[in-house]
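Coordinate-derived values only; no laboratory data. Just so we're clear, the structure is a prediction, and the values are computed from it rather than from any experiment. Here Cβ is always computed from backbone atoms with ideal geometry, including for glycine, and neighbour counts include all displayed protein chains.
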């Protein structure tokens, strides 16, 4: 991937560089308790969020999928709506635990 060192502007839209540094401005990162082990792909998460919550697919930011969980960036103002909307839904047939990500330093 290309690394945009100068894209520090608040409107660096669509920059899907790794979310490890924390969510981009105006976004909140959500922890979703399903990952690669459940066969989850980014499109599954986008679909679940866009279908269940007021957030549209193009408003979803960076997505990171690990073996056991996923991290998804959504607009800060809609984060709680997304958490509430996804709480009862299933992703790839699994009931997923969804909450705001609490930054775990170093991982």
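Here are some notes:
- For the range 34-100: rounded, prolate or oblate by the Cα gyration tensor [a/c cutoff 1.5]: prolate
- Likely footprinting exposure, 72, 98, fewest C-beta neighbours within 10 Å first: 98, 72
- Counted residue by residue at 0.36 nm each, then reduced by the alpha carbon distance between them, the extension gain from residue 67 to residue 36 reaches 10.7 nm.
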